[in-house]
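Presented below is the structure to which this report refers.
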Amino acid sequence: MRHVTSARGTATVTCALWLCGLSVIPANAEDRVDVIKLRGGELRLLNNDRYQPKAVINGREFSFGPESVGHEITFRLSDRDVVVLSSEPGAYETPPFFRILSVKSDGGVEEIADPDFDAPDGTLITRQEGDVIHFNLGYENGLKKDAVFSPDGLTISMKPVERPAYDQDDCKWLYRQALGECVNKVDRSCKQIEHSTATVRGLYGLENNPRWKVAESRFGNVCKQACKSEKRPDYTKFAKGVCGP
């Protein structure tokens, strides 16, 4: 997943400062416990056992796994706090799964879990409108993926996009990280260019965007040229030809 101020590979979460102001208090490193203070109680994320991570609140336990449970973002609605948690599946090139805990002010807890509530390309961009939360989940299998949470529940939609393109963050990552590895190859024959594990995982995420059908071969050609010349082309030219539209 991507964060607003970090490189590709972390999730993007956008929210106002007051929205993200709910406390997340890390415990000591040995306990591996995070405490999230909510209006309806304290949510504890326990990662003591690698194969039994769990979330605990008001006497209820929710199991996660197999790797870990993490906190993504908390929203304050009129009558409840909505917490988005992530679970690392542990498999290579597999994005985290998201789960929602809806915690009412009186302490009532409801879990909203949907196997389709994930972001295969690593995107998680959020927007709140009153008691409704909109999730931009990027692309999956060439389709734009979004979700909406309201007091009535969670709905997920997938639809085609007419002119797909990579956003500026993805395009700059492709230019700096992936293309940068093309330039810095030790094997100057440039016949076969292998990328680092981190880069391969990033490219795997980009494949979900239908733009990849055009970008894959174009990036491959630019990569070989960059390897032979030992320099990257102008970014503006790269973005127009590879990232589109």
What is the calculated FRET efficiency for ASP234 to ASP114, with r their C-beta to C-beta distance and R₀ = 45 Å, to the nearest 0.05? 0.55
Label-point separation, ARG218 to ARG32 (7 Å along Cα→Cβ), nm: 4.3
For a 27 Å ceiling on Cα separation, which of these pairs sit above it: LYS159/LYS185; LYS145/LYS213; LYS172/LYS224; LYS144/LYS231; LYS185/LYS240? LYS159/LYS185; LYS144/LYS231
Could you tell me the largest-minus-smallest coordinate of the C-alpha atoms of region 168-243 on each of the three principal axes, in descending order and whole angstroms? 31, 26, 19
Could you calculate the contour length gain from TYR51 to ASP187, that is, 0.36 nm times the residue separation minus the distance between their Cα atoms, to one decimal place in nm? 44.9 nm
Determine, for each peptide in 114-126, 191-203, the mean count of other beta carbons within 10 angstrom over its residues, then list the peptides with the highest first. 114-126, 191-203
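Every number in this text was worked out from the coordinates using simple rules, so none of it is lab data. In this text the structure is predicted, and so the values were computed from the model without any measurement. Heads up, the Cβs are rebuilt from the backbone with ideal geometry, glycines too, and the neighbour counts pull from every protein chain shown.
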